[in-house]
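Worksheet: one structure, shown below.
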Amino acid sequence: MAKTENQNPAAQKKVTKKVTKKVAKKSLGQPELKFGGWQYASAPEGTDHVAIEDRYGLFINGEFVRPKSGKYFATINPATEKKISEVAQANGKDVDRAVQAANKALPGWRKLSGDDRARYLFRIARILLERAREFAVLETLDNGKPIKETRDVDVPLAAQHFFYHAGWADKLGLLFPGELPEPVGVVGQIIPWNFPLLMAAWKIAPALAAGNTVVIKPAETSPLTALRLCEVFAQAELPAGVVNVITGDGATGQALVRHPDLNKVAFTGSTDVGKEIQKAVAGRKVDLTLELGGKAAHLVFEDAALDQAVEGVVRGIFFNQGHVCCAGSRLLVQESVHDLFVRKLQRRMARIRVGDPLDKNTDMGAIHSAEQLQRIQGLVQAGVDEGAVLFQAKAALPKKGFWFAPSMFTGVTQSHRVAREEIFGPVLSVSTFRTPEEAVVKANDTSYGLSAGIWTDKGARILWLASRMRAGVVWNNTFNRFDAASPFGGYQESGFGREGGRQGLRAYVKLRSGLLPG
Amino acid sequence: MSGSLSPTEFRVPPVDAVALETRCADLATRSIKKAAKVQGLKLAIAMMDLTTLEGMDSPGKVRQLCQKAMRPLPSRPDLPSCAAVCVYPDLVKIAANAVAGSGVQVASVATGFPAGRTDRRTKLREVELAVKAGASEIDMVIDRGAFLSGRYGVVYDEVCAVKEACGEAHLKVILETGELKTYDNVRRASRIAILGGADFIKTSTGKVSPASTRPVVLLMLEAVRDHYLETGKMVGVKAAGGIRSAKDALRYLVLVAETCGDAWLTPEWFRFGASSLLNDVLMQLEKQRTGSYQRSTDFSTD
């Protein structure tokens, strides 16, 4: 190209670019890409439209009430460590009050026609979408995850679960032909802090569709969107007592699962707590479903669409800061493309924008709590001590709040702690395989079994592998895709029971055989 | 020349369409505001090949276009001029005279644009004449007939021959992705063009729908990025056709910024081929400056 006298600044820059390019060639250095010349101005989502009260009570029998315990505790913004609000600490008496309210509401709710219950669920879904921006911002404030995710994933997917289950409410008979589905009764639900609103929707929507009433306890560190959901219930004129929300810590959860009037317990959270709950309900006439931890493997074959596999692996482990039970925390890559793939990953990881979760351009937000940060740091230290090679993306982390840069271990063996224990953070462990058989053995070498990802261009290999994976969800050439119609759940220490889809509804009905509906 | 490269050289990694489009959609949510927006829009002007490729083009129309390319908005001397004007071969001389000394380049389509269905000798002669008339950039089309029938060597050889005929002029190779249909084809055609000596790979003629799409451009950016990382040699990318809004242009720039990085964020390595885009960019820049939208009649129609 003839030299230009273009008066734009970029034109001048290119002169220096040319020089550096030549120098780079002469110095025999590997060609490398440079980034950061075009800085995006900060684009924070506004928070003015989200009114937050100083203090929230318990939502029992259709209204917010003060806790009998008289105690409250603070919930903070993980990105700033600033207190957002206070929520009630429910004690045994509060739990009892909530369960009684659910019990009282049960006969009326289960007697409604499926069509009528569907109307309430539709209404909830629509109101949730109307207030989507408010929910997204509140979730980001309370949880630390980026607004991009709450806006594009958490809130729409939560609404989808209400829409989806509204559709089933009057068609339960079709789901279980020849049998009469009846509600289980009063359901106690405990949900984790990683998807506070979405988990509430996953649990509440099928329960209500099938005619159950609910007492739900959100995680103590992220209770605000579940409490705001109560406003939606009130707006939708859901009958009092059908859903009760009690906040509190582990003691509240214990009181809930031990309550004698529960007919079913549904829990999502850590494997350790899941086992405690299993003990607590043992010997009682209480149904139980558990959705617990995971240590999912990606299998990347040499014939895979590597650039897209990189995106999938990044989505698999850095989505929601890795606070995902089905996170793809282990990467098994075919030896022949290991070096190339790791280099591609490193370059891509350097492009992840870590920072203010409210900024629309942020890809990865804050670690949810000081406690979780400590756990991640501890396990990463263990990885280093055991001799795995750590790569961390250079990210300018804010001073306040809880932060951890996107991280990757290479040279990981099956016995490394980072390959066996759930880190629940943005840390990927990479090892290699040579044959499909070896890939299967390594992928299944875990006490969990929630999800897996297969990356190959060969259709036959996908089918061969999928049938051999001991995992509840196997994604092919994609990862961390969720849909209300798709059942989700695990093998082994990842729990039992499914959520979503027809299979998810099964856990919320009792079937009476030999009776025809109607 | 034929058979100068073994077919294995044209082997390319597979492309997963769903994941490619997902990545594109994800990057489309980048929020480009304030200073970043102004910087991006100015860059878009500097990267623009202002184009007129109509049967009814006239010398007057081309001169008008050249004037606009040199000074997009007379009241804003702070704005850069466009990278080039892009015209048919018979109007190259007029364009070259009009932009002489301004730094704006003259690009000419050639090789039987837009279908490319003429004899190789005719194509090469057309290129030579366009260069002789003053074109410093040649936008050729690949032989899609040969490509789609799997005769990749023919496509490669033709790119090599045209490159040679270009002499000092820069060669942009139009893949016409709207006719290639699959992402795998786009990735392969990109590789063939790069190996053949393209200085730029370009999406479309603008005569086939769809013209430029963001997933296609992301894929082409990945191709030039990988080539650079393998060989140290840079190749440019030109997104042409169908890009009409400033917002869309910024989304393309985000693809460049997050795939190839700073080195490609210059008119030397990334271009837009467009005609109506410029006025929307100007309107957005004026909106940023004044705080309100101007009438469309405040910007000249060319």
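The values are calculated or read from the model by the stated rules, or taken from the named source; none is laboratory data. As the structure is a computational prediction, the values presented were derived from the model and not from experiment. Reconstructed Cβ throughout: ideal geometry from the backbone, glycine too, with neighbour counts over all protein chains shown.
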Taking residue B:149 as the residue in question, decide whether it is within 14 Å of chain A (Cβ to nearest Cβ) and hydroxyl-bearing (Ser, Thr, Tyr).
no
Are any of the residues in segment B:277-288 within 16 Å of the chain's Cα centre (by Cα) and not small (Gly, Ala, Ser)?
yes
Is it true that some residue in segment B:144-161 is aliphatic (A, V, I, L, M) and over 19 Å from residue B:205 (Cα atoms)?
yes
Scanning segment B:42-88 residue by residue, those under 17 Å from residue B:300 (Cβ atoms), of a type outside the set (A, V, I, L, M, F, W, C) and under 18 Å from the mean Cα position of the chain (by Cα) turn out to be B:51, B:52, B:81
One residue is enough: does segment A:314-333 have a residue meeting the conditions more than 14 Å from every other protein chain (Cβ to nearest Cβ), more than 27 Å from residue A:268 (Cβ to Cβ) and either under 25 Å from the mean Cα position of the chain (by Cα) or in a strand (DSSP E or B) (or both)?
yes
Would you pick out the residues in segment A:215-238 that are in contact with a helix residue (DSSP H, G or I) (Cβ under 6 Å, 6 or more places away or on another chain) and not in a helix (DSSP H, G or I)?
A:215, A:217, A:218, A:222, A:236, A:238
Quickly run through segment A:137-189 and pick out the residues that are under 26 Å from residue A:256 (Cα atoms) and either within 14 Å of chain B (Cβ to nearest Cβ) or over 19 Å from the mean Cα position of the chain (by Cα) (or both).
A:165, A:181, A:182, A:183, A:184, A:185, A:186, A:187, A:188
Among residues belonging to segment B:261-277 that are away from chain A (no Cβ under 14 Å) and surrounded by 24 or more Cβ atoms within 10 Å (Cβ to Cβ), point out the one that is nearest to residue B:222 (Cα to Cα).
B:273
Of the conditions (1) of a type in the set (Gly, Ala, Ser); (2) under 21 Å from residue B:22 (Cβ atoms); (3) in contact with a Cys (Cβ under 8 Å, 6 or more places away or on another chain), residue B:273 clears all except one; give me its number.
(2)
Taking the condition of being touching a residue at least 60 places away in the same chain (Cβ under 8 Å), farther than 26 Å from residue B:27 by Cα, surrounded by 23 or more Cβ atoms within 10 Å (Cβ to Cβ) and touching a His at 6+ places or on another chain (Cβ under 9 Å), how many residues in segment A:118-156 meet it?
1
So the check is Cβ under 8 Å with 6+ separation or different chains; which pairs have a first residue in segment A:303-328 that's over 16 Å from residue B:19 (Cβ atoms) and a second one that's among the basic types (Lys, Arg) and not in a helix (DSSP H, G or I)?
A:320/A:145; A:321/A:145; A:323/A:145
Out of A:384, A:380, sole residue that is over 25 Å from the mean Cα position of the chain (by Cα) and outside any loop (DSSP other than H, G, I, E, B):
A:384
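Out of curiosity, is residue A:309 in a helix (DSSP H, G or I), modelled with pLDDT of 95 or more and within 14 Å of chain B (Cβ to nearest Cβ)?
Yes: the conditions hold for residue A:309.
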Within segment B:191-215, count every residue that is more than 12 Å from residue B:238 (Cβ to Cβ) and part of a helix (DSSP H, G or I).
6
Residue among A:501, A:453, A:489 that is within 21 Å of the chain's Cα centre (by Cα), crowded, with 17+ Cβ neighbours inside 10 Å and in the same structural domain as residue A:390 (by TED's automatic domain parsing)
A:453
Within segment A:28-68, how many residues are surrounded by fewer than 18 Cβ atoms within 10 Å (Cβ to Cβ), in a loop (DSSP other than H, G, I, E, B) and either facing chain B (nearest Cβ under 9 Å) or over 29 Å from the mean Cα position of the chain (by Cα) (or both)?
15
Can you report the number of residues in segment B:89-102 which are within 20 Å of the chain's Cα centre (by Cα) and small (Gly, Ala, Ser)?
2
